[in-house]
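The values are calculated or read from the model by the stated rules, or taken from the named source; none is laboratory data. Small disclaimer: the values here were computed from a predicted structure and weren't measured. Neighbour counts run over all protein chains shown; Cβ positions are idealised from the backbone, glycine included. For the accessible areas, the whole protein counts, side chains as well, though only heavy atoms, and no ligand, DNA or RNA atoms are used. Shrake-Rupley method; radii C 1.70, N 1.55, O 1.52, S 1.80 Å.
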Amino acid sequence: MSRLIKSRLHRRDFLRTSSAAGALALAAPARMSSAAAAQPINMQAWSAAVDTVQSHLNAFTQETGIPVDYGNAPWAQYREGMVTKFVGGAPLDMMWVSDSWLPEWAEAGWIAPVDEFDFLTAYNAEAEDFVTDSMTYGGRQYGLTYYTDFMGFFYDEAKLKEAGFDAPPTTWQEVVDQSLVMKQKGISEYPMMLAMAQESWLIEFLSTLVFSHGGRFTGEDGRSVMQNDKGGAVEALQWVVDAVDKHGIISPACVETGELSGLKAFASGNHAFAMVAKYRIRMLNDPAQSQIAGNVKQALMPKGPDGDHNTVGWMRFHGMATQSTQDKQRAENTAKLIEWFGGKADGEYKFQKLLFLDIGAGFGVKPLFDDPDVRAAYDKYGDVEVIKAQQAMAMKKDVITPWFGEWNETNGSAWQSAILGNTDAKSALTKSGELWDELKDSY
């Protein structure tokens, strides 16, 4: 048995033990149901839009009479702090959750499904499919969204016109063709910016490449298909390998380029095309931050021969702590708070709209695309119809599992190894796929 598998087993045992300990610590509060309605709801979030959150909480208490104790912590310390709270039995009812943590937190018994509350699941009809999918684990739904975004494809319209093109590429082959013309005309040495450094953004870049080529990392049974010539990730990786080594349209230094440094290089005018998070378009078209402001446009993600314009999406949601469900009234109050933030407040998706207008955070509910204020804000720096169309084609990452972290680094190294010419695409992904199945079987 490999060292990684032993580590996985030890961590699984810890999660189960800590979950049980947390349940014991909460046994006494569970008996205090008679006072639950008068007790404050405990909400934890990371330190984002704090004033907006507090204002929305004040409105909730005024509307319902339910007080809320609100705590927040910086993103960098949030997850670790929440695990400590879960294990220690600290008072928790509602919290912000990343889709990447859902399998771990659900398996540990720290968060509870919310699909018994019909008034919460009713919002699924107006949410993007990938958003609901990303809140679902083991067939149960664990919350309502408050933020979502996706990987976008952007181009510098000025460079495109200089090269003699009237429209952006619609396929990955056209990305190659247009880039080669730009290289020949001296417009850009490396027209396509792709960030492939080992960092948290890497899985989003890889998933986008795979999904837009019509592939997947895993199959319906959860086992690896990434090594398959068709329906896997080989075609996508081979495109990157060829773009770097054969065509020279992506810099070999891409394996050392992180998302932020790649974004800055694109904003400096070094590239014609870039794959970055959609929310970055606000910065890219800001003259104070970008040398190509006003020229940055978004197109649908290029597609491979067997693919479509799919991209990857991610989201954050409001979840319910398991301890909250130990008292019926407390659970109902927490569900009301989740609705106030993730659903409608006073008849509208107020919090998601406030976040968008305040900090540009994306939303996961489709009706907001038709909101006049939202459209007016988007019109200042982007094309709302393209954004709407691309978001509708976003897909949930198919590798978010309790063992994702242990597999992710090996997978990233495998892609980098192929890009650097140290192995071929098929062999690299075969190694990655074997580890995935090994970890899955050990869990």
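Based on the Cβ-Cβ distance of Ser413 and Ala288, what FRET efficiency does E = 1/(1 + (r/R0)^6) give at R0 = 30 Å, to the nearest 0.05?
After rounding, the FRET efficiency stands at 0.20.
Just to confirm, what accessible area per residue do you get for the range 325-443 at 1.4 Å probe, in whole Å²?
Accessible surface, normalised per residue, equals 40 Å².
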Exercise for the section: Report, for the chain, the % of DSSP beta bridges that are antiparallel, rounded to 5. Expected result: 65 percent
Problem - trypsin sites (Lys or Arg not before Pro) within the range 110-214: DSSP coil, no more than 13 neighbouring Cβ in 10 Å - result: Lys185
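Between Asp358 and Ala73, what length comes free when the chain is fully extended (0.36 nm per residue of separation minus the Cα-Cα distance, one decimal in nm)?
Details: separation 285, 0.36 × 285 = 102.60 nm, distance 1.94 nm.
Computed gain between Asp358 and Ala73 is 100.7 nm.
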Fill in the blank from the handout: Ignoring ligands and nucleic acids, Asp306 exposes an accessible area, probe 1.4 Å, in Å² to the nearest 10, of 90 Å²
Exercise for the section: Over the range 101-170, with every protein chain in place, what whole percent of the accessible area is carbon and sulfur at 1.4 Å, could you tell me? Expected result: 46 percent
Problem - Within the accessible area of the range 188-343 (1.4 Å probe), percent carbon and sulfur - result: 44 percent
Practice task
Determine the calculated [θ] at 222 nm for the chain from helices alone, applying -39500 (n - 2.57) to every DSSP H run no shorter than 4 residues and normalising by the residue count; nearest 500 deg cm²/dmol.
Solution key: -13500 deg cm²/dmol
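Explain nothing, just the number: dipole magnitude of the range 348-426 about its Cα centre with +1 on each Lys and Arg Cβ and -1 on each Asp and Glu Cβ, in debye rounded to the nearest 20.
Working: 9 positive and 12 negative charges, 20 e Å.
Using only the charged Cβ atoms, the result is roughly 100 debye.
Ala272: net charge of surrounding residues, Cβ under 14 Å, Lys/Arg +1, Asp/Glu -1, itself excluded?
Details: positive: Lys159, Lys161, Lys183, Lys185, Lys297; negative: Asp156, Glu157, Glu162, Glu174, Asp177, Glu189.
It works out to a net charge of -1.
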Completion exercise
Note: probe point = Cα of Ala277 + 7 Å toward Cβ; backbone nitrogen < 14 Å; residues of the range 64-93 passing the test are 75-76
Practice task
Compute the separation of the alpha-carbon centres of the range 310-361 and the range 234-268 and state it in Å as a whole number.
Solution key: 37 Å
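So with the 1.4 Å probe, I'd like the accessible area per residue for the range 42-188, rounded to whole Å².
Working: 5920 Å² over 147 residues.
Averaged over the residues of the range 42-188, the accessible area is 40 Å².
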Exercise for the section: Only one of the values [x] 55, 21, 18; [y] 29, 26, 23; [z] 40, 28, 17 was calculated from this structure for semi-axes √(5λ) of the Cα gyration tensor in Å; name its label. Expected result: [z]
Practice task
Report the accessible area of Glu409, computed with a 1.4 Å probe over the heavy atoms of all protein chains in place, in Å² rounded to the nearest 10.
Solution key: 130 Å²
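Considering only protein heavy atoms and a 1.4 Å probe, what is the carbon-and-sulfur percentage of the accessible area of the range 351-439? The partial results should precede the final answer.
On the way: 1760 of 3440 Å².
Carbon and sulfur together cover 51 percent of it.
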Completion exercise
Everything considered on the Cα gyration tensor (a ≥ b ≥ c; rounded for a/c under 1.5, else prolate if a/b is larger than b/c, else oblate), the range 211-304 must be described as prolate
